[in-house]
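Participant: Dumping the structure here so I can ask a few things about it.
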Amino acid sequence: MNIEALRYAAAVGEARSFSAAARAYGLTQPALSNAIARLEQELGARMFTRSTRGVTATAFGRRLLPLIDRAVASVDAISAEAGRATQPQPRSIRLGVSPLIDTGLVSAAFSAVRVLDEPRDLILREDNLDDLHADLARGALDVIIVPAVTPMPRFQHRELGREPVVVVCSEGATEPLEVSNFGAGPLILMPDTCGLTRFTEGLLDRHALPVQRYAGEAQSVTVLEDWARLGLGSAVLPQSKLHQSEANVRPLTSAGRAVEIAYEAVWSAQSPCAADIEAVVTIVTAG
């Protein structure tokens with residue numbers, strides 16, 4: 001049984017997309033699809049079905065994917081442990097963060113690194129989301145903390161926290177706003193750099209709502225909020241990014257429950273400092 005085909009199947013199961021899984025492994029989509037088709041033939045049944053809404057696992061796939069995930073993780077653990085045993089351990093952990101990440105989360109990671117059995121230096125870099133993904137993939141960063149808005153199926157993921165999102169508008173209303181009632185007016189967005197625009201568009205897409213974009217574009221969450229209060233349109237923000245009063249701010253809800261944005265740590269299981277990264281992540285999530 002080909003371990004790479006198992007990796008591809010695990011990636012499709014996580015990303016729910018053949019194209020995203022192919023990009024993660026630097027393959028063409030037909031090459032990845034053919035590898036999975038050969039795996040399905042060997043296993044005896046189809047693992048995935050495709051539709052206009054994406055890729056879903058069949059009953060057979062749902063039964064096998066947890067086993068495949070564990071098999072791939074075990075092989076990666078062997079490789080990572082061999083690397084730790086034969087290579088000098090780095091003295092620092094290179095952490096990339098999206099501008100959307102709250103400083104409290106970064107501070108918690110900094111404190112966690114200091115209490116490791118062998119304390120390391122934490123080298124921080126803030127950058128655009130796609131640049132963080134690319135640098136993690138090529139080994140220029142050891143771990144990134146980003147909004148959980150983009151599949152990265154080759155990597156380890158751990159959710160670090162969630163927070164509510166709110167809608168800022170020029171009206172005086174403060175009562176909750178259902179997503180299904182959102183989007184009647186223009187929506188002010190930023191360039192798709194920090195992950196907020198990707199989150200907002202994905203949220204509306206999941207609710208089959210059109211995006212009526214304001215003609216201009218803000219360059220920061222602060223400007224996004226300021227323009228919304230001026231009446232140029234509405235803006236979606238994580239609650240922690242509000243810098244003015246709660247006036248004209250409406251909690252965003254779906255079926256009466258608060259809509260939240262999730263933040264995650266992402267790293268490679270084969271990184272020389274993978275064990276320390278996992279320890280740091282465990283400390284942050286526990287505290």
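The values are calculated or read from the model by the stated rules, or taken from the named source; none is laboratory data. Predicted model, so just to flag it, every value in this text is computed and none were measured. A quick note on method: Cβ atoms are made from the backbone with ideal geometry, for glycine too, and the neighbour counts reach across all protein chains shown.
Participant: What strands (runs of 3 or more DSSP E), lying completely within the stretch 86-160, carry at least 3 residues that are touching a residue at least 24 places away in the same chain (Cβ under 8 Å) and either surrounded by fewer than 14 Cβ atoms within 10 Å (Cβ to Cβ) or more than 11 Å from the chain's Cα centre (by Cα) (or both)?
Facilitator: Fully inside the stretch 86-160 and qualifying: 92-97, 121-126.
Participant: Residue 46 fails exactly one of the following numbered conditions: (1) within 30 Å of residue 134 (Cβ to Cβ); (2) surrounded by 12 or more Cβ atoms within 10 Å (Cβ to Cβ); (3) charged (D, E, K, R). What is the number of that condition?
Facilitator: Of everything listed in (1) within 30 Å of residue 134 (Cβ to Cβ); (2) surrounded by 12 or more Cβ atoms within 10 Å (Cβ to Cβ); (3) charged (D, E, K, R), residue 46 misses just condition (1).
Participant: What are the residues in the stretch 193-217 that are part of a loop (DSSP other than H, G, I, E, B) and touching an Asp or Glu at 6+ places or on another chain (Cβ under 8 Å), if any?
Facilitator: Once the filter is applied, which keeps residues that are part of a loop (DSSP other than H, G, I, E, B) and touching an Asp or Glu at 6+ places or on another chain (Cβ under 8 Å), the stretch 193-217 yields 193, 211.
Participant: Checking the conditions here, which among 282, 222 is closer than 30 Å to residue 123 by Cα, modelled with pLDDT of 90 or more and in the same structural domain as residue 128 (by TED's automatic domain parsing)? Steps first, answer last, please.
Facilitator: Details: 222 fails: in the same structural domain as residue 128 (by TED's automatic domain parsing).
The conditions single out 282.
Participant: What's the total number of residues in the stretch 5-45 that are among the acidic types (Asp, Glu) and farther than 18 Å from residue 156 by Cβ?
Facilitator: So the count comes out to 2.
Participant: Select, from 82, 24, the only residue that is at negative phi, buried (at least 18 other Cβ atoms within 10 Å of the Cβ) and of a type in the set (A, V, I, L, M, F, W, C).
Facilitator: Of the residues listed, the single one that is at negative phi, buried (at least 18 other Cβ atoms within 10 Å of the Cβ) and of a type in the set (A, V, I, L, M, F, W, C) is 24.
Participant: Next question, about the same structure. So, in the stretch 1-39, exactly how many residues are at pLDDT 90 or above, of a type outside the set (Gly, Ala, Ser) and under 17 Å from the mean Cα position of the chain (by Cα)?
Facilitator: Total satisfying the criteria: 1.
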